[in-house]
Amino acid sequence: MTSLADATPITGRELRKLTRQATEAHGGGAVGELFEEVYTFVFSLLVAAAMAFGATQLLNTKLRPADAEAVLDPAWLGIAIAVVAVGSAVSLAARLGPIGLGGGEAAWLLPTPADRRGLLHPRLRIVTIVSAAVGAGIGVLAAALAGASGSGLGLGAGVGATLGLATVLAVARTQVGRSGRAAHPAVALGEGLVVLAPLLALAVVLLRPPAPSAPPSVVALALVAVLLVTSVLLLISTERHLDGISGAQIRARGAVTAYAAGAVTSLDTRELGRALSITSQPDSRRRSRGFGWVRGPLTALVSGDALVTLRSRRHVIAVVVWGLVPIVVTLAGWASWTTLVALLVAGYATALACAEGARRAEMAPVLDRAFPVAAEHVRRIRLIWPGFVLVIWSMVTVGVWAALTGLDVGEWLPLAAVAAPTFAAGAIRGAYRKAADWSKPLVANPMGPPIPPGLFGMVAKGPDIVVICLVPLILGVVAVASPVTLLPWQLAATLLAIAIGTHVPDPKGPFAQAMGNQSGNRS
């Protein structure tokens, strides 16, 4: 009779097999349902890829003006997008792990005597497949913007897939031996590459170098081969050292990944930003501030919002990068609608980076309730810091646009300063928006999982007043109308945006509020 001590310990692969069998036994379902889900996913992916390719080809033709003093060739744009993609991949992989297990998996699998290498092998395989697939898609996009076609797109996909694979696997290999939840050094490296991309585009439009020519097919194939060999070596080395990843790292990174995945599924940008900030915010600081200038709720809230932004490297980088985007588009000599789109998107993204204090206050309402100030006044106070930053940001971007297009800068600066608080009002409105209600019956979604009712209306809160209340500025940029004539209209629209963005809705709802007023009048 074999004793318990002589029994062969279960391996990670066997434990995963037993867990999968138990899950399938309790889950039910049929093979047809699995085939339907796979078919829907593949079909949706192909349709999305075809639409993206068609839009890229159309954009590629629209971005090539016939006559312009300064032109940013789309080939340089493709290179800039590739740099942004590599930087984003490095930063995102370092923030998410990339090797980790969610809360349930970590609590169930890690305490067992099974080998950790066998437990983490499926996670490494998923990371490998996803990084290669996303890299291939971005490679095709960059090649299409550079004017490639046919075999050029295939080479772009190959370079993108192998580059993305090597980048993410390099981060996964450096995860071995790390402990704690401190920020990974690769986060700073990735953020540096993201900053480098608009600076590269700015240097191109100022120095006007000749458009880069496509590399020969032999060179591209050699690069793919080198990246592929590097990826294989990194994959083998990482797979052999999976046992060296600490349990704390696996739990922490798995929790962040699950947090971010839930935010993406819910289309909740607030939660996604919080998930990406978890691993980049230090637990303690070497220096602290005395806050001697704080004299009341107003200065306390404004100082807190300012320090939250300035102490976050990601938000400071976002303000700088998004400030360069409209300037690069203007210097490129593209169509006026591209400048307008860049200005709106970059302005709202900058406002979101400066409104992190309001986002945290929505998550923890005790931050607002700690002061003897009404909720609507608190939102107006939280509008001060992003409004101040956006005034400077808008005056710089709109002033540069006016100077490069030969307009009077002095006439456009007042309009830019008056329009800037609209971005801040939209960010405050989006920060305090009500979360989606998942307790109600879900709505069928042909493109993915079911969604709660009112989800898209929730996501639109914030950008809606930015687009609507910036109509005077939009008319000025597109139609080059007189800024003096548009200034009073923009002032009225900005005041309306501030009123909407700082409004606190009644939690009872309009119907219950009306019924309460009627009962009060009767009494």
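What is the number of the single condition among (1) hydroxyl-bearing (Ser, Thr, Tyr); (2) modelled with pLDDT of 90 or more; (3) more than 15 Å from LEU340 (Cβ to Cβ) that TYR432 does not meet?
Of everything listed in (1) hydroxyl-bearing (Ser, Thr, Tyr); (2) modelled with pLDDT of 90 or more; (3) more than 15 Å from LEU340 (Cβ to Cβ), TYR432 misses just condition (2).
Name the residues in the stretch 213-246 that are surrounded by 15 or more Cβ atoms within 10 Å (Cβ to Cβ), among the small types (Gly, Ala, Ser) and part of a helix (DSSP H, G or I), would you? Let's see the steps before the verdict.
Initial filter on the stretch 213-246 (surrounded by 15 or more Cβ atoms within 10 Å (Cβ to Cβ)): 214, 220, 223-224, 227-228, 230-231, 234-235, 238-239, 241-242, 245-246.
If we keep only those that are among the small types (Gly, Ala, Ser) as well, we get 214, 220, 231, 246.
If the condition is that a residue be surrounded by 15 or more Cβ atoms within 10 Å (Cβ to Cβ), among the small types (Gly, Ala, Ser) and part of a helix (DSSP H, G or I), then ALA220, SER231 are the ones that fit.
Which residues, taken from the stretch 189-215, are modelled with pLDDT of 75 or more and closer than 28 Å to THR128 by Cα?
LEU189, GLY190, GLU191, GLY192, LEU193, VAL194, VAL195, LEU196, ALA197
Take LEU496 and decide whether it is in the same structural domain as TRP401 (by TED's automatic domain parsing) and modelled with pLDDT of 90 or more.
Details: in the same structural domain as TRP401 (by TED's automatic domain parsing): yes; modelled with pLDDT of 90 or more: yes.
Against the criterion (in the same structural domain as TRP401 (by TED's automatic domain parsing) and modelled with pLDDT of 90 or more), LEU496 qualifies.
Would you mind finding the one in PRO210, PRO198 that is in a loop (DSSP other than H, G, I, E, B) and out of contact with any Cys (no Cβ under 7 Å at 6 or more places or on another chain)? Give the steps one after another, and end with the answer.
Values: PRO198 fails: in a loop (DSSP other than H, G, I, E, B).
From the options PRO210, PRO198, the qualifying one is PRO210.
Being basic (Lys, Arg), modelled with pLDDT under 85 and farther than 18 Å from GLY192 by Cβ is true for just one of ARG295, ARG313. Which residue is that? Lay out the reasoning, then the answer.
Details: ARG313 fails: farther than 18 Å from GLY192 by Cβ.
That would be ARG295, the only listed residue that is basic (Lys, Arg), modelled with pLDDT under 85 and farther than 18 Å from GLY192 by Cβ.
For a quick check of your reading of the model, give me the residue pairs whose first member lies in the stretch 98-127 and is over 18 Å from ARG173 (Cα atoms), whose second is surrounded by fewer than 16 Cβ atoms within 10 Å (Cβ to Cβ) and modelled with pLDDT of 75 or more, with beta-carbon atoms closer than 9 Å and at least 6 apart or on different chains.
Going by the 9 Å Cβ cut-off, the qualifying pairs are ASP115/ASP243.
Provide a single number: the residues in the stretch 288-336 that are in contact with an Asp or Glu (Cβ under 9 Å, 6 or more places away or on another chain), small (Gly, Ala, Ser) and over 16 Å from ALA403 (Cα atoms).
So the count comes out to 1.
Of these, GLY192, GLY160, which one is within 28 Å of the chain's Cα centre (by Cα) and surrounded by fewer than 17 Cβ atoms within 10 Å (Cβ to Cβ)?
The conditions single out GLY192.
MET458: modelled with pLDDT under 85 and either exposed (fewer than 12 other Cβ atoms within 10 Å of the Cβ) or assigned by TED's automatic domain parsing to the domain that holds GLY262 (or both), yes or no?
Values: modelled with pLDDT under 85: yes; either exposed (fewer than 12 other Cβ atoms within 10 Å of the Cβ) or assigned by TED's automatic domain parsing to the domain that holds GLY262 (or both): no.
For MET458, the condition - modelled with pLDDT under 85 and either exposed (fewer than 12 other Cβ atoms within 10 Å of the Cβ) or assigned by TED's automatic domain parsing to the domain that holds GLY262 (or both) - is not met.
Considering only the stretch 332-388, give the helices (runs of 4 or more DSSP H) lying wholly within it that have at least 3 residues that are charged (D, E, K, R) and touching a residue at least 12 places away in the same chain (Cβ under 8 Å).
356-363, 375-382
Check the stretch 171-182 and report whether any residue there is more than 18 Å from TRP76 (Cβ to Cβ), surrounded by fewer than 17 Cβ atoms within 10 Å (Cβ to Cβ) and of a type in the set (A, V, I, L, M, F, W, C).
yes
Within the stretch 220-266, take every residue that is farther than 20 Å from ARG125 by Cα and touching a Leu at 6+ places or on another chain (Cβ under 6 Å) and give me the one that is modelled with the highest pLDDT. Give the steps one after another, and end with the answer.
Taking the stretch 220-266 first, the residues farther than 20 Å from ARG125 by Cα are 220-226, 248, 259, 262-266.
Filter once more, keeping what is touching a Leu at 6+ places or on another chain (Cβ under 6 Å): 220, 263.
On the way: ALA220: 78, ALA263: 72.
Restricting to residues being farther than 20 Å from ARG125 by Cα and touching a Leu at 6+ places or on another chain (Cβ under 6 Å), the top hit is ALA220.
Check off (1) more than 22 Å from the chain's Cα centre (by Cα); (2) surrounded by 17 or more Cβ atoms within 10 Å (Cβ to Cβ) for VAL321 and give me the number that stays unchecked.
That leaves (1) as the condition not met.
Could you grab me the full set of residues in the stretch 267-286 that are modelled with pLDDT of 70 or more and under 14 Å from LEU92 (Cα atoms)?
Kept after step one, since they are modelled with pLDDT of 70 or more, are these residues of the stretch 267-286: 268-277.
Correct list: LEU272, GLY273, ARG274, ALA275, LEU276, SER277.
Of everything in the stretch 346-393 that's within 18 Å of THR494 (Cβ to Cβ) and among the β-branched types (Val, Ile, Thr), which residue is surrounded by the most Cβ atoms within 10 Å (Cβ to Cβ)?
THR350
The values are calculated or read from the model by the stated rules, or taken from the named source; none is laboratory data. Given the structure is predicted, the values throughout are model-derived calculations rather than measurements. All Cβ positions, glycine included, derive from the backbone under ideal geometry; neighbour counts span all protein chains shown.
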